[in-house]
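No lab work stands behind these numbers, since they all come straight from the coordinates. Computed from a predicted structure; not experimentally measured. Every residue, glycine as well, gets a Cβ built from its backbone with ideal geometry; the counts of neighbours run over all protein chains shown.
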Protein chains: 2
Amino acid sequence: MGGYTLTIPTEADLNEKALRLLREDAKKIEQLIAVQLENLTLPKCPLYEEVLDTQMFGLSREIDFAVRLGMITREQGQQVILDLEKKLADLYATLLPSSVGE
Amino acid sequence: MGGYTLTIPTEADLNEKALRLLREDAKKIEQLIAVQLENLTLPKCPLYEEVLDTQMFGLSREIDFAVRLGMITREQGQQVILDLEKKLADLYATLLPSSVGE
């Protein structure tokens, strides 16, 4: 019948693992957006915005859950979002230099 | 400066708390959908479908995160989704009896 074993590590381990998972998910969003931009889907395109909004919503739900569960602090969660937003801004600047400052 | 204290309870506590939070979020989606249905937004309306899709995506991201973190089993996560889907089906049957079986 299979079955799972739930192994709960220490407090510091859990905090670290939660942050690692969240950063992995942020990285996936960054990669997804990079692929979209490389395929010339413009940031002002509704489809692009919808994909980004949905993905950011999903990540924010994960972060909110991790905070409520006591795995990470709200500040740590906000930092994951801020880091991703900075990465996306860098992507725009690299892939769409003409759009910077618009 | 405030600051958070991360208190990590026992394995059983964490599993219970994670499931409680997920069920609360499922309940919120159910209530949101109930309000939409009561305001005569039909299940086949694109706006309704988009709201439901986005909310279900957010919940599935939370559940996936909880599973990867070792807080709940994949089966427990699937049960939260199945329970919500059953509640939504009941809502349709109650609020939109004419649409059942279509």
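Points worth noting:
- Using the Cβ of A:Arg23 as centre and a radius below 12 Å, the other residues enclosed give a net charge of -1, where K and R count +1 and D and E count -1.
- Peptide A:73-86 - average C-beta neighbours from other chains (10 Å radius): 1
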